[in-house]
Amino acid sequence: MVSALSWGSVGIQGGVSFANASTPADMSSASQTGMLAGVNVNFGLAQLLSFQPELMFAQRRASLVNAGGLKLTGKYNSIELPALARVSFGEGIRPYLFAGPVAILNVSNEYVVEGAGAKESITFKPRTVDFAADFGVGLELGAFFTNLRYSLGLLDYDESH
């Protein structure tokens, strides 16, 4: 029997972020760890299907190094609004799959350039509003849950070109 939209659960979530950047051929990228924190609400749509909107604060960090040793470290803070469809399996310990679009509001950014006495100008204008697609797997055990997710950026983060 399929029931109408039912109130599910409210969750608090936190975790770590490992960001990576696409780079030109003359640069390499290294991930740095950031923090994630937020809340979610899970609404049951059918026996195994639910809708899970979230409100998240995310820190993204990445370092770029060119062949001459010039290093650029970027730090971004954003508010993210994922709208996820979730399919759960089983009773008690419940594995689940999820996917959906994410609207991102970039609230701050900082760039640090380091080099061997070199001074270079950087033309970079980050987007204020960005979009991504999240997908992943999770495990729910009573009131607790854990998940692994991948967030695929859908736009070029640099608006300067």
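Working note: Karplus 6.51/-1.76/1.60 with θ = phi - 60° gives the stretch 79-94 the couplings 9, 10, 10, x, 10, 9, 8, 10, 10, 9, 10, x, 10, x, 7, 10 Hz, where Gly and Pro are set to x. For the stretch 50-59, the Karplus equation 6.51 cos²θ - 1.76 cosθ + 1.60, evaluated at θ = phi - 60°, returns couplings of 9, 10, 10, x, 9, 10, 10, 9, 10, 10 Hz by residue, with Gly and Pro reported as x. Taking amide H atoms as placed 1.01 Å from N in the peptide plane, the amide H of LEU84 lies under 5 Å from those of GLN52, GLU54, each 5 or more residues away in sequence or on another chain.
Bear in mind these aren't lab numbers, they're just calculated from the coordinates by the rules spelled out. These figures come from a predicted structure and were not determined experimentally.
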